[in-house]
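Here the structure comes first, spelled out in structure tokens, and everything after it is commentary.
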Amino acid sequence: MYPIITKITGKQIDLSSIISEETSMQASSYTEMGNSLILAANAEVEKTYIDNIKEDIKKNIENKGYVVNDVSIDIETKNQDSYGQINKVSLNITVGAPALWCPDNNINTVQPIEKVNINNTNDVGVGLDRPDNNPIPETQIDSLKNFIQTTYGVKKENIFINS
């Protein structure tokens with residue numbers, strides 16, 4: 001049964017006399033528990049990896065003057081050769097408040113802008129809080145897609161901004 005043992009001792013060894021079926025089942029159970037722990041650890045590492053990428057994307061887009069409302073990514077998990085590669089990025093962003101120069105501390109800061117509601121009784125479709133009043137121009141969206149493509153290696157056709 002075990003050629004190395006047979007070669008050394010010159011005798012056939014019946015392992016069933018040494019290892020009981022119960023011990024074998026316990027070992028199998030421990031192996032299954034170990035595999036479960038490995039899967040749980042891998043899932044946690046994967047979640048942390050995704051969260052870090054999402055946070056990095058958010059920070060980089062916000063540094064360009066946008067407010068990031070939501071970031072969603074899909075990564076490759078099936079193919080071992082490209083495991084972890086970002087397959088898809090979806091962003092919901094709006095134009096941020098303009099950065100103001102503060103000479104006291106030599107940094108740019110963003111001042112919050114309060115939402116203003118205007119009641120307009122003649123319904124002509126003009127209002128400040130309509131989302132299509134100030135859309136992000138396609139040139140800026142294209143620029144953001146190029147940035148994400150070169151920075152994170154995502155195909156441009158798999159980057160979705162406000163769609």
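Taking the criterion of being part of a strand (DSSP E or B), at pLDDT below 90 and exposed (fewer than 11 other Cβ atoms within 10 Å of the Cβ), would at least one residue in the range 61-84 satisfy it? Scanning the range 61-84 turns up no residue that is part of a strand (DSSP E or B), at pLDDT below 90 and exposed (fewer than 11 other Cβ atoms within 10 Å of the Cβ).
Those residues that are modelled with pLDDT of 70 or more and either closer than 24 Å to Ser72 by Cβ or of a type in the set (D, E, K, R) (or both), I need them from the range 4-40; list them, please. Once the filter is applied, which keeps residues that are modelled with pLDDT of 70 or more and either closer than 24 Å to Ser72 by Cβ or of a type in the set (D, E, K, R) (or both), the range 4-40 yields Glu32, Leu39, Ala40.
Residue-by-condition table, conditions (1) exposed (fewer than 14 other Cβ atoms within 10 Å of the Cβ); (2) at pLDDT below 60; (3) assigned to a loop (DSSP other than H, G, I, E, B):
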| residue | (1), (2), (3) |
| --- | --- |
| Asn119 | yes, no, yes |
| Asn134 | yes, yes, yes |
| Asn146 | yes, no, no |
| Gln149 | no, no, no |
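The values are calculated or read from the model by the stated rules, or taken from the named source; none is laboratory data. Note that the coordinates shown come from a computational prediction; the quantities given were computed from them, not determined experimentally. Backbone-built Cβ (ideal geometry, glycine too); neighbour counts: all protein chains shown.
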